[in-house]
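Down below is the structure, laid out as structure tokens.
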Amino acid sequence: MAAAPPATAAVGAALREEDERGSGGAGPRMESSDLGSRQQGPIWHRKPSPAARQGVIVNIIHSVKGYHSKTIRFLNVAFDSSGDSLLAGDHQGNIYVFDLNGNRFNLVQRTMQACTALAFNLRRKTEFLVALADYSVKCFDTETKELVSWMRGHDSSVSSISVHGSGRYAITTSTDTAQLWDLDTFQRKRKLNVRQSVGIQKVFFLPLSNTILSCFKDNSVFAWEFDTLHCKYRLPTPVEGSVLLYKVFAVTRDGRIFVAGGKSNHLHLWCLQSKQLIRIIQMPAKVRAVRHLEFLPDSFDGGSNQVLGVLSQDNIMRFINIETCKLLFDIGSHEEGISTAAVSPNGRYIASVMENGSLNLYSVQALDQEGNKPPPPMFKVVKDWSKCTSEANKQAMRVTSGRSEWPWKSKGSKIQTRLLKLQVNSSFENKENELPGGLNKKRLQALLKGFGEYPAKYRMFVWRSLLQLPENHLAFSSLIDKGTHSAFVNIQNAYPIKSRKLLRVLQRTLSALAHWSAIFAETPYIPLLAFPFVKLFQNNQLICFEVVATVVVNFCQHWFEYFPNPPVNVLSMMENVLAHHDKELLQHLIKYSVTSQVYAWPLLETLFSEVLTREEWLKVFDNIFSNHPSYFLMIAVAYIICSRAPLLHCNQTADFEYFFHHRNNLDINVVIKEAYHLMEATPLDIHPQRMLDDFIPLTKGQYPVFNKYPTFIVDYQTQERERIRQDEIEYLRERQLAHELEAKAQERKAEDEAWYRKQELLREAEEQRRKILLEEEKKLAEQKQRLAAVKRELKVKELQFLDASRRRFLKYQQDQRQMELKRLDDEIARKASMREQETAATVQDVEVQRLEFESQRQLFEQHLIKDQEAVTKEMKEEVDAHRRKVDLEDHLVQRLMEIEREEKQKAQIVAEENLTKAEQKRFDTDWRLQALHKLRRDDQNREKHYEEIAKILHDNRVKEAELLKTMREAEEKKWEEVIQKKAQLEEEQKAAAAADEHRKQFLEDKINDALELAEKLQREDGYFERLRDLKARRTERGVELQRVPRSGNICLNDLSASESSSHMSLDRRREELACQEQELMAEVRRLRQKLTSQAQTRRPPSRFQATKWTP
């Protein structure tokens, strides 16, 4: 098929208007929703109404409030399989789910990194896939918000995720590889590697098929079989002169049309069935590159989508009709550009990620102007034909066909009436014969009678329209998920099919039928009935299942009422028709005992697949699907009648059976014509149409219940089959157990024999070892004797060595003791000299400090008295000046303040006399500053607080009383602390005296121990004379220590006993100085405590705010 010329004229004229028009006036304000820090909530707060000329339902943003407020950008968006839930991810890794029907959003995951691709159409509806910036792909659950699986294997960013129609497999694509994953086990099944110079653009599943399409950067496109991953075909090189490099791709829902675009304003449309380029669409001149392509689904187009969304480099997405090349509508603008977009599978919504990072949700119904047009009125007025002829003709031409026709000439009211009646009848017929996909059953029948069959290119599409298949993906997936039925586990034994793929598809289809209705698991001929359709639709299992189910429901009516026997009622109807039209042939068959189960039932149970070729079978079922279900029986009778000549020559039952199970040289066109003749010539009382219902398609959403069979027989057979299966399992188990017992017995016998052999070897080895042990024992006894002699010699030497060591150690110990005694004598002499020096220096320092403290105390008291007098004088002068000023303003207020001042001065004098005789200059200065500040504030607020002065004066008096009370309590506490400190000092002095006694006792004990040790060694070492001198010296030192008076002051009284008599007067003087020093320090501490407490009580921080200073 040659490529069609570019459709530039049509699309250029249609899209030129879009280039010339502006953005237009602003419509109503769109609904905007800010997610903020919320994790869930409503999407919009009022019922959404798409904005005029824009179609925006809601604008969703995600902003973060704080010191640096910012907007988090959305990156990717994806719809689920129903089209009513939306998944969106931003560049911080937050994943949101938006329920468009329930008006709720929910934060389902925080991945903490940007997402590069999303997929939300998995088999388990609560799970979704997200590709992250670390090249990994993760699966999460939206309900539990937990990680389901983590898939790794890519070395670059994942750009797209494609999910199979069943939701069980997924393909992830990056620039260097594409990987196929099993979403049940989350294991990688296959990996597609390419050369780095080529690169991968995109790899994805074709909708509703088992074909994988791979697009590479060198414009090559390959199709692969999903099960075997064998290359099915490759698209040829585009037409000559085309420089388009494919970057983006899209496929219609039925998988027939493939669109590719890139850095050009051209779009290439490929037909995947013929593998030919069928059209080139040229976009407007302002479109220089195509960034994204999306088909817009339609519920009534049968999957052959006509509307294509094209996102160009100017961030505007234009939706065009690929057949008429007309612009339908567009979204986005130069100011609010679109980054990427996704279309819901139901065709109701468009979700777009804007350049500013927000998310826009569009209503397709509001955007499509043709869809917004009101329907034609139901009430019409009949007008004069002569006046309305041209308009009526024009309207009929526009509605019924797209061809230009000349209007008819009216010749009277008779023609007018006939035309009106014809239009009414045709409208009713059109409604009855309308089929999905825009087809008409009457026209198809006329085409079939004219040509005898449908075009092979469009046969599958016509069959799907005639059978009105619902394409219930969810219901079919639930049947497939139940797995292989037990009745068809070993189907390859009964039907050894060469193609493993065909066998697998047959097994899945039969299992789905058995899960749908239990009768199909017990029916022996169901594989023969389904096999032709399995072979025909092996690439689309959903269509295969629904075609077989539709055939069983409509064309196999009353087949299962006599199960497990053949349908006697249906065969009787065929026999009646045969008797009416060819009685001679029926008598011949009866003569040789050939019943309808021999000549009719084999044709029905195999659907003619045994007696017809592929082309003949397709032609027959073109006619069967286009007529009433009774035509199926009629064509079987016609086959028998057309075969009357060879049948009349048969006289053996085997010949008849062979004839109806093998192909025969019949003209199928004659059989089809004979079937139509039988449909028309058969009387109504024996016509099968009277007994069979009209065609009823499968229901949408869920498949109908099929229970037109004797359930007790099916249940009994099921139970028997289950019982037999259990018996077989039990038999196999017992046989396996017997084999295991026999194997164990043989193993035990072998073990026993091995044990006896081992015991014999052990016995022999034991005898040999016993002999070796006896010899070794003799040798060991001799060695023990020699060892005992050596030990005795070693013991003697060891004793000699220990005696020499003991003598050497005693000598070393005596030398150490002498050195220790010498060191102690030197240390005692050094400490005595140091204490004498410290005592003299301490006496001098104490005397100097006493004089200094005395002079400082006198000087400090003089300064305090002078400062107090100066401060008091200044304060009096300031208060007098302020009092005179206030007297001029208000005599009454002045009198009250004067009384308060006098009482305050009296209280201050009493406090000063009780607490302290001097104040520090710093506290007086602070008090003066605070007083001035209070006076200035009083000057400013005097006019406003005249009425509150009396209350304030009363509060001041109460507070002064509390202040005096607090000062007295503070003074008592300070005296208590002084008493405690004195008691603590006395305890410390007692403890020091006790420590001195303990140290002296310890030295005496150590000296006694040394003397005792020296007496023991006097006989060996000859140190008796020195020991006696040392003992005499110790006695004298003890006498001297007893003469030293004991005191709590260690520094002044810890002197040697030899100088006690000469220092008695010095000790008393030191004691007097220490007492004076303690009294002086106590006086200074009391004075400081008084000053501090006075300052704290005069200006407590907590009472400054409530205190009002007045003159």
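The values are calculated or read from the model by the stated rules, or taken from the named source; none is laboratory data. Bear in mind that the values here come from a model prediction, so they are computed numbers and not experimental data. Don't worry about glycine lacking a Cβ; one is built from the backbone with ideal geometry, like all the others, and counts go over all protein chains shown. Calculation scope for accessible area: heavy atoms of the full protein, side chains included, ligands and nucleic acids excluded. Shrake-Rupley method; radii C 1.70, N 1.55, O 1.52, S 1.80 Å.
Of everything in the range 656-669, what is open to solvent by 70 Å² or more (accessible area, probe 1.4 Å) and over 12 Å from Phe608 (Cα atoms)? Give them in sequence order. Listed by number, the residues that qualify are Glu657, Tyr658, Asn665, Asp667.
Among the conditions (1) under 15 Å from the mean Cα position of the chain (by Cα); (2) open to solvent by 20 Å² or more (accessible area, probe 1.4 Å); (3) on the phi > 0 side of the Ramachandran plot, the only one that Asn103 does not satisfy is (1). Confirm whether Leu666 is at pLDDT 90 or above and more than 30 Å from Ser477 (Cβ to Cβ). Against the criterion (at pLDDT 90 or above and more than 30 Å from Ser477 (Cβ to Cβ)), Leu666 does not qualify. Kindly provide the set of residues from the range 841-851 that are open to solvent by 80 Å² or more (accessible area, probe 1.4 Å) and not hydrophobic (A, V, I, L, M, F, W, C), ordered by number. Those that are open to solvent by 80 Å² or more (accessible area, probe 1.4 Å) and not hydrophobic (A, V, I, L, M, F, W, C): Gln844, Asp845.
Please find, within the range 88-141, the residue that is nearest to His62 (Cα to Cα) out of those that are charged (D, E, K, R) and in a strand (DSSP E or B). I'd like the intermediate steps shown before the answer.
First, the residues of the range 88-141 that are charged (D, E, K, R): 90, 99, 104, 110, 123-125, 127, 134, 138, 141.
Cutting the leftovers down to in a strand (DSSP E or B) gives us 90, 99, 104, 110, 127, 138, 141.
On the way: Asp90: 9, Asp99: 17, Arg104: 15, Arg110: 14, Glu127: 23, Lys138: 23, Asp141: 22 Å.
Among those residues, the one meeting the criterion is Asp90.
Screening Gln814, Gln849 for residues that are more than 30 Å from Ala1074 (Cβ to Cβ), in contact (Cβ under 8 Å) with a residue 40 or more places away in the chain and either touching a helix residue (DSSP H, G or I) at 6+ places or on another chain (Cβ under 8 Å) or not in a helix (DSSP H, G or I) (or both) leaves exactly one candidate, Gln814.
Considering only the range 853-867, I want to know if a residue exists there that is out of contact with any Gly (no Cβ under 7 Å at 6 or more places or on another chain) and not in a helix (DSSP H, G or I).
The first filter runs over the range 853-867 and keeps only residues out of contact with any Gly (no Cβ under 7 Å at 6 or more places or on another chain), leaving 853-867.
The next check asks that each one be not in a helix (DSSP H, G or I); those that pass are none.
So far as the range 853-867 goes, no, none of its residues is out of contact with any Gly (no Cβ under 7 Å at 6 or more places or on another chain) and not in a helix (DSSP H, G or I).
Residues that are in contact (Cβ under 8 Å) with a residue 40 or more places away in the chain and under 22 Å from Ser166 (Cα atoms) within the range 230-257 comprise Phe249, Ala250, Val251, Thr252, Arg253, Asp254, Gly255, Arg256, Ile257, listed in sequence order. Annotation: of all residues in the range 538-563 being among the aromatic types (Phe, Trp, Tyr) and modelled with pLDDT under 90, the one that is most open to solvent (accessible area, probe 1.4 Å) is Tyr562.
Could you list, in sequence order, the residues of the range 670-708 that are aliphatic (A, V, I, L, M), part of a loop (DSSP other than H, G, I, E, B) and open to solvent by less than 90 Å² (accessible area, probe 1.4 Å)? Within the range 670-708, Ile686, Leu692, Leu698 qualify.
Any chance you could count how many residues in the range 852-884 are farther than 30 Å from Glu1077 by Cα and open to solvent by 80 Å² or more (accessible area, probe 1.4 Å)?
The total comes to 5.
Of the residues that make up the range 521-529, is at least one closer than 22 Å to Thr606 by Cβ, among the small types (Gly, Ala, Ser), crowded, with 19+ Cβ neighbours inside 10 Å and at pLDDT below 90? Scanning the range 521-529 turns up at least one residue that is closer than 22 Å to Thr606 by Cβ, among the small types (Gly, Ala, Ser), crowded, with 19+ Cβ neighbours inside 10 Å and at pLDDT below 90.
For (1) surrounded by fewer than 19 Cβ atoms within 10 Å (Cβ to Cβ); (2) basic (Lys, Arg); (3) touching a Cys at 6+ places or on another chain (Cβ under 9 Å); (4) over 30 Å from Leu469 (Cα atoms), each residue gets a yes or a no:
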site	(1), (2), (3), (4)
Thr237	yes, no, no, yes
Arg253	no, yes, no, no
Val259	no, no, no, no
Leu267	no, no, no, yes
Pro297	no, no, no, no
Ser304	yes, no, no, no
Ile320	no, no, no, no
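Taken over the range 1057-1073, residues that are modelled with pLDDT of 70 or more and either crowded, with 16+ Cβ neighbours inside 10 Å or within 30 Å of Arg922 (Cβ to Cβ) (or both) amount to 1.
Filter the range 158-200 down to the residues that are part of a loop (DSSP other than H, G, I, E, B), open to solvent by 50 Å² or more (accessible area, probe 1.4 Å) and among the polar types (S, T, N, Q), then identify the one that is nearest to Ala342 (Cα to Cα). Full working, then the answer.
Taking the range 158-200 and keeping what is part of a loop (DSSP other than H, G, I, E, B), we get 158-159, 164-168, 174-176, 183-186, 194-199.
Subset that is open to solvent by 50 Å² or more (accessible area, probe 1.4 Å): 159, 165, 168, 175-176, 184-185, 195-197.
Subset that is among the polar types (S, T, N, Q): 159, 175, 185, 196-197.
Details: Ser159: 15, Thr175: 22, Thr185: 28, Gln196: 30, Ser197: 31 Å.
Looking at the filtered set, the residue picked out is Ser159.
For the range 979-1006, the set of residues classified as basic (Lys, Arg) and at pLDDT 85 or above consists of Lys990 only.
Scanning the range 503-518 for residues that are within 39 Å of the chain's Cα centre (by Cα) and of a type outside the set (Gly, Ala, Ser) gives Arg504, Val505, Leu506, Gln507, Arg508, Thr509, Leu510, Leu513, His515, Trp516. Which of the residues spanning the range 818-832 are open to solvent by 100 Å² or more (accessible area, probe 1.4 Å) and either under 18 Å from Asp1009 (Cβ atoms) or aliphatic (A, V, I, L, M) (or both)? Met819, Lys822, Arg823, listed by residue number. Taking the condition among the hydroxyl-bearing types (Ser, Thr, Tyr) and touching a residue at least 40 places away in the same chain (Cβ under 8 Å), does Ser162 pass? For Ser162, the condition - among the hydroxyl-bearing types (Ser, Thr, Tyr) and touching a residue at least 40 places away in the same chain (Cβ under 8 Å) - is met.
Exactly one residue out of Ile212, Ile281 is among the hydrophobic types (A, V, I, L, M, F, W, C), open to solvent by less than 20 Å² (accessible area, probe 1.4 Å) and in contact with a Pro (Cβ under 9 Å, 6 or more places away or on another chain), and it is Ile281.
Mind telling me which of the residues Ser572, Ser511, Ser517, Ser596 ends up being small (Gly, Ala, Ser), open to solvent by 20 Å² or more (accessible area, probe 1.4 Å) and in contact (Cβ under 8 Å) with a residue 12 or more places away in the chain?
Ser572
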